[in-house]
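Have a look at the structure below, then the notes.
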There are 2 protein chains.
Amino acid sequence: MNIGEVGRRSGISAKAIRYYESIGLIGPADRTESGYRTYGDHDLQTLRFIQRARSLGFSVEEVSGLLALWRDTDRQSAQVKALAQNHVADIDRKITGLQGMRDTLTHLIERCHGDERPDCPILEDLAGAAGPGSR
Amino acid sequence: MNIGEVGRRSGISAKAIRYYESIGLIGPADRTESGYRTYGDHDLQTLRFIQRARSLGFSVEEVSGLLALWRDTDRQSAQVKALAQNHVADIDRKITGLQGMRDTLTHLIERCHGDERPDCPILEDLAGAAGPGSR
DNA sequence: CTTGACCTTCCAGTAACTGGAAGCCTTATA
DNA sequence: TATAAGGCTTCCAGTTACTGGAAGGTCAAG
């Protein structure tokens, strides 16, 4: 397989695959005489693993750790679980932060009449978070 | 006020303030004879506005738009509202994506015994999302 | 007059790629 | 066989929103 095909099959762009090689997430690919990268089924499996892990929000560095654990048949599942739990904690922090933003904003949006008049509680809040009559 | 003080009072680092100036989010600050930037209360208000908007997740470009609307006394509140609503839609998309990741991961984590044994449903899922007996 | 804190500019680095340029390789078709 | 299309190569730049650090000027206090 050339890089284009393995990219299509794994769901990772050719650009990204070259990038992963350049940073050492995956080893250097075999090359044809003319310099084209070639990939086998094993490489495809690895790329699919990476794609799936990335789609679950693991950073490239975390994926690197997951790949190492995947390859290590003596791994302890506790290590994998811990990595995943840390990641879930990160995700939860992000969700919490975003929900706070959304709640504040939706509250402001509700109070903005949103017509041709210039007065707007959203801007007022941004200009000075502690509005006089609020709360 | 020097940049350090206005930074402390606005909650934006001196580095970030210089950066905002460099990209044109804020105008060039007045300077002392020796070249130090100086800021007045008006600048402080602007920086606080920026800080607050950034903390609500608006991008710098969106903040630029909000600042323009804030300064424009002929603005229509509908414009502000639309900007905010778009932003909330972005946030909601992010939250939804993160919740999907979290749900998948917590499900996998529950099924991983997390001890010294190597077998691990998390890695199995990453290796091939469609496990044989699952679902 | 010398610290130490503060300020200046400029360069590099972060995360994880994507886009694009310039140029070779392969394959199909006229 | 010429050539055009599409795929491949490397390398550089750009993205977002800054932060860190180096080298050096300034200011207030002791």
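The values are calculated or read from the model by the stated rules, or taken from the named source; none is laboratory data. Not measured: the values here are computed from a predicted model. Cβ coordinates were reconstructed from backbone atoms using ideal geometry, including for glycine residues, and neighbour counts include every protein chain displayed.
Taking A:F58 as the residue in question, decide whether it is more than 10 Å from DNA strand C (Cβ to nearest atom), out of contact with any Pro (no Cβ under 9 Å at 6 or more places or on another chain) and within 24 Å of B:R117 (Cα to Cα). Explain how you work it out, then say what you get.
Values: more than 10 Å from DNA strand C (Cβ to nearest atom): no; out of contact with any Pro (no Cβ under 9 Å at 6 or more places or on another chain): yes; within 24 Å of B:R117 (Cα to Cα): yes.
Criteria not met by A:F58.
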Is there a residue in region A:9-21 that is in contact (Cβ under 8 Å) with a residue 40 or more places away in the chain, of a type in the set (G, A, S) and within 11 Å of DNA strand C (Cβ to nearest atom)? yes
Flag for B:D90 being part of a helix (DSSP H, G or I) and within 13 Å of DNA strand D (Cβ to nearest atom): yes
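Filter region B:17-72 down to the residues that are of a type in the set (D, E, K, R) and touching a strand residue (DSSP E or B) at 6+ places or on another chain (Cβ under 7 Å), then identify the one that is farthest from DNA strand D (Cβ to nearest atom).
Applying the first criterion (of a type in the set (D, E, K, R)) to region B:17-72 yields B:18, B:21, B:30-31, B:33, B:37, B:41, B:43, B:48, B:52, B:54, B:61-62, B:71-72.
After this cut, where a residue has to be touching a strand residue (DSSP E or B) at 6+ places or on another chain (Cβ under 7 Å) as well, the list is B:30-31, B:37.
On the way: B:D30: 14, B:R31: 10, B:R37: 12 Å.
It comes out as B:D30.
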Subset of region B:66-86 [farther than 20 Å from A:R102 by Cβ and of a type in the set (A, V, I, L, M, F, W, C)]: B:L67, B:A68, B:L69, B:W70, B:A78
Go through the residues of region B:7-26 one by one and say whether even a single one is within 23 Å of A:R93 (Cα to Cα) and touching a Leu at 6+ places or on another chain (Cβ under 7 Å). yes
Could you go through region B:92-99 and let me know if any residue there is over 16 Å from the mean Cα position of the chain (by Cα), at pLDDT 95 or above and at the interface with chain A (Cβ under 7 Å from one of its Cβ atoms). yes
Taking the criterion of being surrounded by fewer than 19 Cβ atoms within 10 Å (Cβ to Cβ), near DNA strand C (Cβ under 8 Å from one of its atoms) and within 23 Å of A:L83 (Cα to Cα), would at least one residue in region A:27-36 satisfy it? no
Identify, from the list A:A89, A:A29, A:A68, the residue that is in contact with a Lys or Arg (Cβ under 6 Å, 6 or more places away or on another chain) and more than 9 Å from chain B (Cβ to nearest Cβ). A:A29
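Looking at the structure I just gave you, is B:V60 under 21 Å from the mean Cα position of the chain (by Cα) and more than 10 Å from every other protein chain (Cβ to nearest Cβ)? Explain how you work it out, then say what you get.
Details: under 21 Å from the mean Cα position of the chain (by Cα): yes; more than 10 Å from every other protein chain (Cβ to nearest Cβ): yes.
For B:V60, the condition - under 21 Å from the mean Cα position of the chain (by Cα) and more than 10 Å from every other protein chain (Cβ to nearest Cβ) - is met.
Among residues belonging to region A:39-57 that are hydrophobic (A, V, I, L, M, F, W, C) and at the interface with chain B (Cβ under 9 Å from one of its Cβ atoms), point out the one that is farthest from the chain's Cα centre (by Cα). Step through it out loud before you land on a result.
The first filter runs over region A:39-57 and keeps only residues hydrophobic (A, V, I, L, M, F, W, C), leaving A:44, A:47, A:49-50, A:53, A:56.
Applying the additional criterion that residues be at the interface with chain B (Cβ under 9 Å from one of its Cβ atoms) yields A:49-50, A:53, A:56.
Values: A:F49: 14, A:I50: 11, A:A53: 9, A:L56: 7 Å.
Only one residue tops the list, namely A:F49.
For B:E21, indicate whether it is within 12 Å of chain A (Cβ to nearest Cβ) and farther than 22 Å from A:E124 by Cα.
Numbers: within 12 Å of chain A (Cβ to nearest Cβ): no; farther than 22 Å from A:E124 by Cα: yes.
So B:E21 does not fit the description; no.
I need the full set of residues from region B:71-86 which are hydrophobic (A, V, I, L, M, F, W, C), within 25 Å of B:Y20 (Cβ to Cβ) and facing chain A (nearest Cβ under 8 Å), in order please.
Initially, region B:71-86 is screened for residues hydrophobic (A, V, I, L, M, F, W, C), giving B:78, B:80, B:82-84.
Filter once more, so that each one left must be within 25 Å of B:Y20 (Cβ to Cβ): B:80, B:82-84.
Listed by number, the residues that qualify are B:V80, B:A82, B:A84.
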In region B:70-87, anything among the basic types (K, R) and assigned to a helix (DSSP H, G or I) is listed as B:R71, B:K81
Of these, B:D74, B:D119, which one is among the acidic types (D, E) and closer than 29 Å to A:L56 by Cβ? B:D119
Starting from region A:41-59, keep only residues that are among the polar types (S, T, N, Q), then list their pairs with residues that are part of a loop (DSSP other than H, G, I, E, B) whose Cβ atoms are within a distance under 6 Å, requiring at least 6 positions of separation or different chains. A:Q51/A:G11; A:Q51/A:I12
Does any residue of region B:98-120 turn out to be of a type in the set (D, E) and under 24 Å from A:R111 (Cβ atoms)? no
